[in-house]
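What follows is a set of notes on a single structure, which appears directly below.
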Amino acid sequence: MNQKILVLFFSVILITSSFGFSEAQILVTNLDHASLELRLAPSRVISEENQHLAGYVNLIDAKGTMIKPSNDVRIFLESDNSEIAKVPEFVTIRAEQGYASFFIETFGIEGSSIISATFNDQTISKRFFVGEKVPILPDTLDIVINLPSNEMHVSSEMPFSVYLIDDEKKIIQAPYDITIDFEYEDSLISLQDSTLTINKGNYYSWSTILTKGNVGNAFIRATQDDLNIHSAKNIRISSSLPASLDIDIFPKFVPKEVDRTVEVIVSLVDADGNPTLATEDIPLEFFSDYDYVGRIIDDKIKESLSTGVIKKGQFSHHFQIKMNLNSSPEEITIGASTKGLGIASDMFTTANAMNFENKLIAENKTMIVYTLEKIPSDSTTIAVYQIVVEEEEEETEDASEETTEEDEEPVTIPVISNEHFQSKGSLQKINLISSDDLLLHIIDSGKIESGKSYGIATIKSGKENGLVTLASTLKGVGSGTVDAQIINTLRHDKTKIFSPTGPNMILFDKTGNFDIFVLSLDSKGRPTIVEDEARFLLSPVNEMVEIKRNKTFSHATLHSTSFIKGESSFTINAIPIGISADSDLETSSTYSTEPSAKIKISLPYTILDSNAKSEFPGVIQITDFNDNPIHALEDIKIQLIAEDSDLLNIPRNVQLLKGESQAIFPIMTNGIVGESKISANAKGAISSESSFETRSFLTKLEISTGGIIEPLPVNQPVTLDVYVDDENFEPVGGAIIQISTINGVATPASITTDNGGIAKIRFTANDLDSFTSLEIIATAEGYLDESETFEFEVDVPEVIVEEEMTVLGLPEWVIYVGIAGILVIVGIIVMFLKKPKQVLEDEDEIYEEDDI
């Protein structure tokens, strides 16, 4: 008996170790219990005349596992609205293939259609969309009025833009046409467009503000009634047009003698007190608090029609008054007035003069230089230089003893020359110098005639702005200086690059375009009209723009392809070009940019057969931020990355061609079960990812027996029916059955099932125990191996049992313990040999379809 037990033990080991395991998926012939699946990926396409590979059909078994039919299977298709989306009459799932794909044809008509697939008596339907989906805007929105400057000059222009932002200050891409209405201070400004529309797919709209001839604070208010939002901004309107008069009298100290002269300059200033040019002839009227001087001025004006008028295009009027001042008051005021500009006045002081040869003042003689404090650029005026003596005023007996040196001002006394002081030739004694000849150029230095105390120089300002010093020297006397500010409030002083999506951001519209503006600004930062065309090269886009004469800005539409792809920020430089281009007008601005599109990846099948021998599809689609598909504006290289590359093989890159909206890529599994993600990335677009699972689609076998009536007779053969079915209880023909026994003999030990999945064996129970067992292991191509152990009761007579126990010389319980031990060992060996396959087995999992 011990020998029999050992033989059985090793027989089990040998038989078990010889089993193999199949890797192939079953090919299903009987599809009566198969279910149909329909998938649409993508489910939304652009409204255009095109054919889209977007439909997929397949069959699954009762547990949701994809079925590969052994023969071609025809699936019938239908669309409920063929004018929007048309499908073929049918599509065929080829033999040994898991799915079939089909094209959906569109005709440029927006809407949706229900696509239906029919197999046998099953019909599955899904909705297919053509065109953009119903837009949804954030709950919280605001309008932004984007201005290049909050300052404007009268009679000028400036671009502006308007866009929407959410509560995170993010600019919103319009999901549909959004109309913005404007209100404004029409006495100060006007808008080129009183209504703007942010077109669908764009971020902003722009127009032009035009100022009128008045100064003040203007407002502009933007309103969107449907969204119940509004915003407002103010613009300060100033002017460089004449706002008032200014008058200067040089020199300030005049000898109190006969035949004396003074220089009178009447100039125009704007609202900010800066010199400005006359837009038309401006007649002047003069007055004086000294009647004698007033009459002289009147007589002088009568002598010449040109006297007393500031000519158009000029900023001032200069004339000389010749007077007898021997009996005049100490201070004399002269004023000027004109209609609409008010009055202005200045005064000079009369003083007893000294002679140049007076030895008492030899060491105190010096020079004073006079000119206008502010001079407009590219203008001509005069400078006056005078010989004077500055000495301390003698204190009188009534002077306060508490007077300090700081309170004492020197007395200025004009000195009359006794010879001609020339500024030219070998006898040059007077020299007039400008600290910057480009800012202020001396045309004629003039002279001091004998018997005079001052001379007159003619000077002209340049086109630049800045501070300049004018100095005068006289040999043997001394020197004097005066500062002058050269100002051109309307001159193109600097350049600004303006983005309609804010000072630091550039966003591309759905076509990849964006606008950029180049503005000319004056010294106050106001858009200013250029006198001559100003041309700029925009780098790195290599685009040339030109601000036309009498315009304040230039506009260019650029494309995203002008920049380095993938960069999150870039710098635009505006470089002046052309003859005598002013390099000081060069400017640059750095902007950040955000993608205007998304790369969307979708997997029609998110649960993949890990042992598949054919490819699964993956779909790449480019969309806007509202998930509406758009056309690629150029060839786009899309990088694909699998988080766990061991699970499957995918191409490293996919090319989305210009003008296309989607691309298909292949997926091959590697026979490994697991979960992971595929991500799609492209420069200039937001990336996306899709999760997937690889799972074995191998079908598990089911083993059962029949045809035996228990208890079994001892040592008498009986016929045992072994049934092998699949998980759907369909018979599996051709399955190989391996049989091992305990307390019995089965013949044959290996057999193949017939077409009905049945194998018949002869089994004889011996008299070792009252129970016998069979382990049946079934294998079939396309299925997971399966084993089952069956126990049967044996009708053992009591005499035989007692005899066997006597022969062995062992108690009965020892025999049972030995048999039980063998069964445990056999079970462990079987489980050990089956362990590598456990990863592939998942008896309880159900194949579930994920939403696409």
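The values are calculated or read from the model by the stated rules, or taken from the named source; none is laboratory data. Note that the structure is predicted; figures quoted are calculated from it, not measured. Glycine gets a Cβ as well: all are built from the backbone with ideal geometry, and neighbour counts include every protein chain shown. Heavy atoms of the whole protein, side chains included, go into the accessibility calculation; ligands, DNA and RNA do not. Shrake-Rupley method; radii C 1.70, N 1.55, O 1.52, S 1.80 Å.
Worth a mention:
- Counted charge near residue 293, where neighbours are those whose Cβ lies closer than 13 Å (Asp, Glu -1; Lys, Arg +1): -2
- Whether the stretch 595-697 is rounded, prolate or oblate, judged on the alpha carbon gyration tensor where a/c under 1.5 counts as rounded: prolate
- For the stretch 315-331, 3J(HN,Hα) per residue [Karplus equation, 6.51 cos²θ - 1.76 cosθ + 1.60, θ = phi - 60°, Hz, x = Gly/Pro]: 10, 8, 10, 10, 8, 10, 10, 10, 9, 9, 10, 5, 10, 7, x, 5, 10
- Between 0 and 90°, nearest 10: helix 291-303 axis offset from the chain longest Cα axis: 80 degrees
- The apolar share of the surface of the stretch 231-270, taken as the fraction of accessible area on carbon and sulfur atoms (1.4 Å probe, ligands and nucleic acids excluded), comes to 48 percent.
- Sequence-separation-based contact order of the stretch 25-125, relative, with Cα cut under 8 Å and 6+ spacing, percent: 31 percent
- Within-11-Å neighbourhood charge of residue 748 [Cβ basis; K, R +1; D, E -1]: +2
- Principal-axis tilt of helix 2-17 within the chain, Cα atoms, nearest 10 degrees: 40 degrees
- Carbon plus sulfur fraction of accessible area for the stretch 699-795, probe 1.4 Å, in percent: 48 percent
- As a rough guide to protection, the peptides 177-188, 594-605 ranked by mean Cβ packing within 10 Å, highest first, stand as 594-605, 177-188.
- Amide proton proximity set for residue 766, modelled H, under 5 Å, gap of 5+: 715, 744, 745
- Global form of the stretch 26-131, assessed from the alpha-carbon gyration tensor, a/c cut-off 1.5: prolate
- Computed 3J(HN,Hα) for the stretch 101-115, one whole-Hz value per residue from the Karplus formula 6.51 cos²θ - 1.76 cosθ + 1.60 where θ = phi - 60°, is 10, 8, 8, 10, 9, 10, 10, x, 10, 6, x, 9, 9, 8, 9, glycine and proline marked x.
- Residue-count net charge about residue 107 - beta-carbon cut-off 13 Å; Lys, Arg +1, Asp, Glu -1: -4
- In the stretch 595-697, the portion of solvent-accessible area held by carbon and sulfur atoms comes to 45 percent [1.4 Å probe, whole percent, DNA, RNA and ligands not counted].
- Relative protection proxy for 275-282, 29-36, from highest mean packing down: 275-282, 29-36 (other beta-carbon atoms within 10 angstrom).
- Peptides 439-450, 137-148 ranked from most to least packed by the mean count of surrounding Cβ atoms within 10 Å: 439-450, 137-148.
- Distant-in-sequence amide contacts of residue 644, defined by a placed amide H-H separation under 5 Å and a gap of 5 or more residues or a different chain, comprise 677.
- When the C-alpha to C-alpha distance is required to be over 26 Å, the pairs from 524/551; 300/424; 200/496; 429/452; 170/548; 252/494 that qualify are 300/424; 200/496; 170/548; 252/494.
- For the chain, averaging the sequence separation of C-alpha pairs within contact (under 8 Å, six or more residues apart) and dividing by the residue count gives a relative contact order of 9 percent.
- Å² of accessible area per residue within the chain, as computed with a 1.4 Å probe and no ligands counted: 48 Å²
- Dimensions in Å of the chain - Rg and Dmax from alpha carbons: 51.8, 172
- The long axis of helix 798-808 is offset from the longest Cα principal axis of the chain by roughly 80 degrees.
- Close amide H partners of residue 276, meaning residues 5 or more places away or on another chain with modelled amide H under 5 Å apart, are 268, 269, 270.
- For the stretch 601-683, trypsin sites (Lys or Arg not before Pro) are listed when DSSP marks them as loop and at most 15 other Cβ atoms sit within 10 Å of their Cβ; the list is 613, 652, 658, 683.
- Note, ³J(HN,Hα) from phi for the stretch 542-548, Karplus 6.51, -1.76, 1.60, rounded to Hz, x at Gly and Pro: 6, 10, 9, 10, 9, 8, 5
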